[in-house]
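Asker: After the structure tokens below, expect a handful of questions from me.
Please treat every number below as a calculation from the coordinates, not as lab data. On a predicted model such as this, the values are computed, not experimentally measured, just so you know. All Cβ positions, glycine included, derive from the backbone under ideal geometry; neighbour counts span all protein chains shown.
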Amino acid sequence: MALPDECLGLTRVAGFYYLTQKLIAFGFPAAHASFTTLVITLSCISALLLNYGWELRSYRRSRHTHDQSGQEARVPPRYPSMIPFLGNVIPFLADSANSIRKAGSYAGNLVTTRVPFLGKDVYLIHDRETVRKVTKHPTLSSPMDLYIFSLKYMFGMPKRGLDAYRKDNSGPLSKPYPGSNVAPQDRIDYMLHDNFIRQWSGPHHSTTTQRFKRALTARFDSFIVNEQWERVDDLYDVLAKRVSAALTESIFGPSLLRLNPNFIDDLWKYDDVVPYLVRGFPRWLMPTPYRIRDSLRGQIEKWYAYARENFTEDSIEADGDGDPYWGSEFVRHFQKMLSESGHDDAMLSAQDFGTIWAAGSNTVPSVSIACLHIFRDPVLLQRLRAEVDEAFPTSEDLASASHQQLLKLPLLCSIFAETLRLYTKVFFGFSSPHEDAVLGKYRLPKAQLGLWNSDLPHNDDTFWNTKSGQHPIDTFWADRFIVDPNDPESGPIRPELRKREVKTGLREEKSKKPYFSTEGLDGAWVPYGAGIPICPGRLISKNVILHTTAFMVKNFDVELLTPKLEISHWRYGLGVGRPAHEIPARIRKRMQ
Ligand code: HEM
């Protein structure tokens with residue numbers, strides 16, 4: 001009978017130990033001291049391996065008993081680790097993608113697991129049933145510790161600023177969490193989230209989108225002026241920088257970028273080095289990431305001085321939102337509210353820098369990668385152009401289209417959803433600070449960290465439709481999210497599961513026309529997270545991606561000069577990946 005791998009490992013270590021004992025016994029006195037060290041080392045290794053073998057056995061056992069039991073909610077099975085206290089730190093930092101995939105699945109299914117990490121447990125939640133419970137849970141919110149980590153390491157918030165965040169455990173909702181006792185003016189979590197939601201979900205999300213569209217058109221008008229081919233070394237870079245500038249301008253106004261002409265270039269240099277900051281490399285060991293970060297914050301503070309000097313209430317545009325100095329009500333409100341609660345410019349600039357990066361870091365690569373897929377596939381390009389041209393015969397029609405009109409284009413929407421499914425590999429964190437959260441059969445204890453990575457649910461081929469393997473789950477299929485009422489094999493969900501997962505959709509079914517659908521995908525398609533801590537910028541992001549994709553195919557011809565499109569895994573966990581290489585291309589105004 002073949003021994004399992006871990007038993008083979010133990011057998012080899014035991015054999016080696018036995019051999020060293022024999023050598024000592026046979027008289028190698030000069031080597032005695034070093035052999036003693038060797039023996040101690042090997043004994044430790046054996047103990048660690050034995051411990052690991054034991055933990056692995058208990059894990060497998062509890063997976064079988066726990067996952068099938070219908071008893072009251074329990075903490076999930078504990079994932080084995082080799083080294084006490086450190087837990088899984090080394091494998092998870094060395095190869096996050098592989099480690100998360102291993103810990104998040106068992107026997108081919110996604111599971112929920114408790115992973116020991118630096119003396120604590122991290123609750124990795126990936127099975128769809130539990131993810132759905134997270135989506136609806138009333139006490140789960142973004143853990144303040146994670147927020148503080150990002151502000152400190154990624155955006156350079158000074159210590160005096162972090163203290164204000166540390167003191168607040170009252171949650172992001174208007175009603176403070178029971179058990180918290182924080183004065184209303186110190187409820188920073190609520191103040192931030194209230195502003196995010198008010199500005200980006202209400203009417204201002206449309207005015208922000210309008211400003212984005214104008215800024216995007218202006219940037220391409222000054223770049224591609226006629227129908228002559230223009231060669232570019234890297235089309236990804238060309239798209240990313242222009243979309244990024246337009247998005248930043250739509251929220252923070254034109255003055256920030258006019259005063260700091262290198263801001264967008266610096267922002268993308270910063271984006272390249274973010275993984276070092278997240279891994280906590282100190283300044284003395286790696287000064288460049290810190291230098292770029294400090295420079296960007298300095299540029300933001302220079303803009304504050306200018307906006308304060310020039311802004312008056314009369315500068316606000318007729319829509320009640322935009323203005324040429326601060327850019328939008330979102331920024332004006334933050335300036336007022338955070339200054340009143342004690343933020344100085346260094347603290348404000350860390351906060352604003354975080355928002356600028358959060359807005360662009362996933363939206364910009366998503367739209368750029370979507371365009372690369374479209375322009376490398378002539379049939380897809382022609383189908384999408386036909387859809388866009390039929391809905392918006394002229395460029396002006398498209399420029400004035402509302403987001404509701406864009407949402408009626410099934411292929412465009414499906415490309416958006418498939419790009420986010422395939423390329424968003426983001427960690428999403430949550431916790432329940434004052435009481436345990438019951439999530440179906442599992443329990444997330446009070447103040448513990450729950451985490452998922454969208455990579456796992458997005459690549460669960462027991463759930464997603466691959467059209468009988470024609471479109472594997474790890475490939476881009478532009479039509480994956482289109483349901484064709486005449487084709488029972490269509491749609492994002494495996495046909496045999498569709499009836500169980502999809503409850504409505506009847507209106508669209510009756511029309512007999514193919515339509516875009518994310519119905520039944522709760523817990524399976526989660527690029528923006530879910531529940532209370534869901535991304536507050538998701539509506540703006542969707543508008544930006546849909547509009548820019550339609551804008552590019554409507555107005556430009558692009559010829560890619562490389563067939564290669566490989567995405568780097570270096571940023572795994574931070575969001576949408578970036579191409580691992582340059583994409584040389586030719587671009588010109590579209591020939592009709
Ligand atoms: C494809 C595009 C985007 C993706 C995939 C995405 C994803 C996410 C996710 C998963 C989170 C939660 C992280 C966590 O709490 O663990 C988040 C937070 C956030 N996102 Fe987005 N996002 C996108 C676009 C945007 C845009 C366009 C904006 C701004 C207009 C934005 C602003 C924010 C902010 C401010 C937060 C932090 C909210 C908080 O403090 O809880 N995001 N995003």
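Asker: Kirkwood hydrodynamic radius, segment 296-437, all distinct C-alpha pairs: what's the number in Å? List each step's numbers first, then the result.
Answerer: Working: mean 1/r = 0.0522 Å⁻¹.
Mean inverse Cα-Cα distance, inverted, gives 19.1 Å.
Asker: Same structure, new question: Report, please, the projected area of segment 357-416 averaged over directions, based on the convex hull of its C-alpha atoms, in nm².
Answerer: Values: hull surface 18.2 nm².
Its Cα hull, projected and averaged over all orientations, spans 4.5 nm².
Asker: Using DSSP to define loop residues, name the GluC sites (Glu not before Pro) in segment 187-283 whose beta-carbon has at most 16 other beta-carbon atoms within 10 Å. Working shown, then result.
Answerer: On the way: sites: GLU227, GLU230, GLU249; in loops: GLU227.
Counting only loop positions with at most 16 other Cβ atoms within 10 Å, the GluC sites (Glu not before Pro) in segment 187-283 are GLU227.
Asker: Now a separate question. When the helices in the chain are scored as -39500 (n - 2.57) per DSSP H run of 4 or longer and the sum is shared across all residues, what 222 nm value do you end up with, to the nearest 500 deg cm²/dmol?
Answerer: Details: 23 runs with 306 residues, N = 592.
That comes out to -16500 deg cm²/dmol.
Asker: Also: Starting from 0.36 nm per residue, how many nanometres of slack lie between LEU93 and ARG383 once their C-alpha separation is accounted for?
Answerer: Values: separation 290, 0.36 × 290 = 104.40 nm, distance 4.28 nm.
100.1 nm is the gain from fully extending LEU93 to ARG383.
Asker: When the convex hull of the C-alpha atoms of segment 383-443 is computed, what volume per residue in Å³ does it have? Don't skip to the end; give the middle numbers.
Answerer: On the way: hull volume 10.5 nm³, N = 61.
Hull volume normalised by residue count: 171 Å³.
Asker: Over segment 253-378, what relative contact order in percent results from Cα pairs under 8 Å that are six or more residues apart? Write out the running numbers ahead of the final one.
Answerer: Working: 72 pairs, mean separation 36.4, N = 126.
Averaging sequence separation for qualifying contacts and normalising by length gives 29 percent for segment 253-378.
Asker: Peptides 273-280, 437-444, 284-291: what's the order by average Cβ count within 10 Å, highest mean first? All intermediate terms of the calculation are to be shown ahead of the outcome.
Answerer: Values: 273-280: 15.4, 437-444: 20.8, 284-291: 13.1.
Per-residue mean Cβ counts within 10 Å order the peptides as 437-444, 273-280, 284-291.
Asker: Could you tell me which of THR424, SER58, PRO84 has its Cα farthest along the dipole of the chain towards the positive end, charges placed at Cβ (Lys, Arg +1; Asp, Glu -1), taken about the Cα centre?
Answerer: Final value for the positive-end residue is SER58.
Asker: When N counts the residues of the chain, how does its alpha-carbon radius of gyration compare numerically with 2.2 N^0.38 Å, as a ratio?
Answerer: Taking the Cα Rg and dividing by 2.2 N^0.38 Å, one obtains 1.08.
Asker: What percent does the relative contact order of the chain come to when contacts are Cα pairs within less than 8 Å and at least six residues apart?
Answerer: Details: 861 pairs, mean separation 113.7, N = 592.
After rounding, I find 19 percent.
Asker: Now a separate question. What ³J(HN,Hα) values, in whole Hz, does the Karplus curve 6.51 cos²θ - 1.76 cosθ + 1.60 give for segment 485-492 when θ = phi - 60°, with x put for Gly and Pro?
Answerer: Running phi through 6.51 cos²θ - 1.76 cosθ + 1.60 with θ = phi - 60° gives x, 8, 10, x, 8, 8, x, x Hz.
Asker: Give, rounded to the nearest 20 debye, the magnitude of the charge dipole that the chain has about its Cα centre when Lys and Arg contribute +1 at Cβ and Asp and Glu contribute -1 at Cβ.
Answerer: Working: 72 positive and 67 negative charges, 324 e Å.
For the chain, the charge dipole is close to 1560 debye.
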